[in-house]
1. Taking the criterion of being acidic (Asp, Glu) and more than 7 Å from every other protein chain (Cβ to nearest Cβ), would at least one residue in the stretch B:16-33 satisfy it?
2. I need the full set of residues from the stretch A:25-46 which are among the acidic types (Asp, Glu) and in contact with a helix residue (DSSP H, G or I) (Cβ under 7 Å, 6 or more places away or on another chain), in order please.
3. Taking the stretch B:1-50 as the search range and keeping residues that are touching a His at 6+ places or on another chain (Cβ under 8 Å) and in a loop (DSSP other than H, G, I, E, B), which one is nearest to A:Arg25 (Cα to Cα)?
4. Applying the selection to the stretch B:47-76, what residues are within 17 Å of B:Val9 (Cβ to Cβ), crowded, with 24+ Cβ neighbours inside 10 Å and of a type in the set (A, V, I, L, M)?
5. When residues of the stretch B:76-114 are filtered for being outside any loop (DSSP other than H, G, I, E, B), at the interface with chain A (Cβ under 10 Å from one of its Cβ atoms) and out of contact with any Lys or Arg (no Cβ under 6 Å at 6 or more places or on another chain), how many remain?
6. So which residues in the stretch A:107-120 are within 13 Å of chain B (Cβ to nearest Cβ) and crowded, with 16+ Cβ neighbours inside 10 Å, if there are any at all?
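The values are calculated or read from the model by the stated rules, or taken from the named source; none is laboratory data. As the structure is a computational prediction, the values presented were derived from the model and not from experiment. Here the Cβ positions follow ideal geometry from the backbone for every residue, glycine too, while neighbour counts run over all protein chains shown.
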Amino acid sequence: MTANATQVVVIPCSGIGKTYGSVAREAAYDLCEDLRPEGTTLVALAKLVLGEEKARERVRSCPAVTIDGCKLMCASKLVTHSGGQVAHEVAVLDVYRRHKELKPEGIAELNEGGLKLARLLAEEVAGVVDEIRRTATTAGGRHA
Amino acid sequence: MPSVLQPKVGIVSCSGEELAQGTVARLATLKVLHELRPAHTVTICLPLFLAGGEGDREFARFHPTITVDGCDLRCAARGTEMYSGKPTASIVVDDLVAAEGLALPEGRRALNDSGKQAVNLVAGRIARLVDEVLDRRQHAAPVAPAPAPAGRDTDPPSCSCRSRRGPA
């Protein structure tokens, strides 16, 4: 079995009201489009709100990484609510606290600090994704 | 003379991370909130209907609500109706784009020209609906405002997670 056997689903918060939500969304794109396009699948959080069966099945059958913009942790809660298991959860605010030099601003369009913060977060999560996939492969687990 | 609070119209957008149309929905909603009708609109993150508290689920009861969806799954419209209340009006980006003969938006992360046109088109439609909803309210018989749920301001912030429109 190859390391490609495991797909990790990535679920960012929808965060329409504040900058940190936009950072979460951008980080998810960084991760799924640029850094780990082969090992990750983006799932829209709204589908879990609606209970769409394909999205629910994905989070039930694959390890999930959630990226939340605020302390309410909607993405993480919704994965659990959908019967999935959160393999790793990240809060943008926690990453920002460690990198105060990258102050995010803007919602529709992030400033440079926000884009860099998103990239940094995505790079951190990419390492976690690799670990999750390695562990799943070693354990012989195969996900859809 | 009874005191009548001017209601704010709630706009609930799908998050639509998977599709360019979701990005159109999100950016059009933000354009209305920030530029076109900032004094008359509020928003809430759709997932808060499940992940938030009772106050969040009362959103559509306290605000006439317009939902903005990227595709015909209509997560925002159906989710709002399931968990909060029936939306006053609903928009689906795909339908508007098709009706106007625009090319399909592309680029969920960075929209192409057609996507940017779609943002303006959808934002304009939302703004007109906001005006219509408020106009209807203005011409309706005055009613006493509904009591605010416990622990919430009578003048809610623009996002139900109690943030303002930008970072603190």
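1. No, there is no match, as no residue in the stretch B:16-33 is acidic (Asp, Glu) and more than 7 Å from every other protein chain (Cβ to nearest Cβ).
2. Let us first name the residues in the stretch A:25-46 that are among the acidic types (Asp, Glu), namely A:26, A:30, A:33-34, A:38.
Answer for the stretch A:25-46, where residues must be among the acidic types (Asp, Glu) and in contact with a helix residue (DSSP H, G or I) (Cβ under 7 Å, 6 or more places away or on another chain): A:Glu26, A:Asp30, A:Glu38.
3. The extreme case among them is B:Lys8.
4. B:Ile66, B:Val68, B:Ala76, listed by residue number.
5. Counting residues in the stretch B:76-114 that are outside any loop (DSSP other than H, G, I, E, B), at the interface with chain A (Cβ under 10 Å from one of its Cβ atoms) and out of contact with any Lys or Arg (no Cβ under 6 Å at 6 or more places or on another chain) gives 6.
6. A:Ile107, A:Ala108, A:Leu110, A:Gly113, A:Gly114, A:Leu115, A:Leu117, A:Ala118, A:Arg119, listed by residue number.
One line per residue, one yes/no per condition, for (1) at pLDDT below 95; (2) charged (D, E, K, R); (3) farther than 25 Å from B:Val24 by Cβ; (4) touching a Cys at 6+ places or on another chain (Cβ under 6 Å):
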position	(1), (2), (3), (4)
A:Glu33	no, yes, no, no
A:Arg36	no, yes, yes, no
A:Ala87	no, no, yes, no
A:Leu93	no, no, yes, no
A:Ala139	yes, no, yes, no
A:Arg142	yes, yes, yes, no
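For (1) surrounded by fewer than 18 Cβ atoms within 10 Å (Cβ to Cβ); (2) more than 9 Å from chain B (Cβ to nearest Cβ); (3) within 18 Å of B:Phe49 (Cα to Cα); (4) in contact with a Lys or Arg (Cβ under 8 Å, 6 or more places away or on another chain), each residue gets a yes or a no:
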position: A:Arg36; (1), (2), (3), (4): no, yes, no, no
position: A:Thr40; (1), (2), (3), (4): no, yes, no, no
position: A:Ala46; (1), (2), (3), (4): no, no, yes, no
position: A:Glu52; (1), (2), (3), (4): no, no, yes, no
position: A:Ser76; (1), (2), (3), (4): no, no, yes, no
position: A:Gly83; (1), (2), (3), (4): yes, yes, yes, yes
position: A:Asp94; (1), (2), (3), (4): yes, yes, no, no
position: A:Arg98; (1), (2), (3), (4): yes, yes, no, no
